[in-house]
Amino acid sequence: PATNNYVISYHTLRQLIGILGIALPFLCWGVNGFVNESNLLNHPTFVNTDFSYAYESGANLKSSISHFYYTTAGPLFTGILITLAIFLFCYQGHAKKRDQDRFAWLSDGLLSRFAAICALLIVVFPTGSDERMNDNIHIFVSSDSVGTLHLVFAALFFVAMSVFCIVNFRRRNDKTFRKDAEGKIYLSCGLGILSMLLILLVSMLTEDTDKPSTSNFVFWMETIMLILFGIAWLVKGKAAVTEFVLKKL
């Protein structure tokens, strides 16, 4: 008898992971800007003004992507990261044999689960702030300790993504790495992510902590990393369909 199997292939899963990564900063910026410019949270057709505090909008673009957690785009920020974590938990990749791959222990499943945990912990431990946020939709701001944990897990997430690009996406079954055009794309994306992380680290170590930052530098560095991350996953998604899916077709 005919059966209907609804399967999300690794091909599609990779594309979804890439799309979510690229879309995150722009969706947060767009949603926050729309709500602010339309004054939506003070409009009586959208909120019950008798039981709501007056909302004071802030800057549409924040100093970092993580600061959107406290804005009107906060639920979207949280939802995308949790969805991304779920997709990463579901992603297992291909099993590697030790006699064919010198990095067989570093499986796609292991690395994707590590990245998924980091993505969830980014939400659990929100970023801190050096100044008061008038447009904070929450009743709290994370402490410096929690903010530091947020930075650590965010950095580990991007490190995991760079390893995916440099190692996992490029390795072959003869203990070598791909050196074709596709392999160069992965390598460029991975090295680009690491470069942006290094630039951010140097910036953090040299900035004047007595002066609150009003720059969007961190936002754009994070956006570049997410675009590189997304490109690598989109290319991988179009390039490889697993044997499992092929057997289902």
query: Fewest to most neighbouring Cβ within 10 Å: what's the order for Trp29, Trp220, Trp105, Trp233?
result: Trp105, Trp220, Trp29, Trp233
Vicinal HN-Hα couplings computed from phi for the stretch 31-41 (Karplus, 6.51 cos²θ - 1.76 cosθ + 1.60; Hz; Gly/Pro x): 5, 4, x, 4, 5, 5, 5, 8, 6, 4, 7
query: For His138, His150, what's the fewest-to-most ordering of other Cβ within 10 Å of each Cβ?
result: His138, His150
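Grab the DSSP H runs of the chain that are 4 residues or longer, score each as -39,500 (n - 2.57), total them, divide by all residues and round the 222 nm result to the nearest 500 deg cm²/dmol.
For the chain, the value works out to -19000 deg cm²/dmol.
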- prompt: Can you count the Lys pairs in the stretch 10-248 with C-alpha separation below 29 Å, eight or more apart or on different chains?
  reply: 28
- request: May I ask for the longest run of the chain untouched by GluC sites (Glu not before Pro) that are loop-located per DSSP and have at most 15 neighbouring C-beta atoms (other than their own) within 10 Å?
  value: 132-206
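Which of the three applies to the stretch 10-248, rounded, prolate or oblate, going by the alpha-carbon gyration tensor with a ≥ b ≥ c and a/c under 1.5 meaning rounded?
prolate
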- prompt: Hey, fewest Cβ within 10 Å first, where do Phe125, Phe34, Phe114, Phe68 land in order?
  reply: Phe34, Phe114, Phe125, Phe68
- line: To the nearest 10 degrees, the tilt of helix 74-90 (Cα long axis) against the first principal axis of the alpha carbons of the chain is 10 degrees
field: C-alpha long axis of helix 144-163 to longest principal axis of the chain, angle in °
entry: 30 degrees
statement: Per the charge dipole of the stretch 140-233 (beta-carbon charges, Lys/Arg positive, Asp/Glu negative, Cα centre), the residue among Thr148, Ser195, Ser215 reaching farthest to the positive end is Ser195
message: To test your reading of the geometry: what angle, between 0 and 90 degrees and rounded to tens, separates the Cα axis of helix 217-239 from the longest principal axis of the chain?
response: 30 degrees
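FYI, it's all coordinate maths here, none of it is from the lab. In this text the structure is predicted, and so the values were computed from the model without any measurement. Here Cβ is always computed from backbone atoms with ideal geometry, including for glycine, and neighbour counts include all displayed protein chains.
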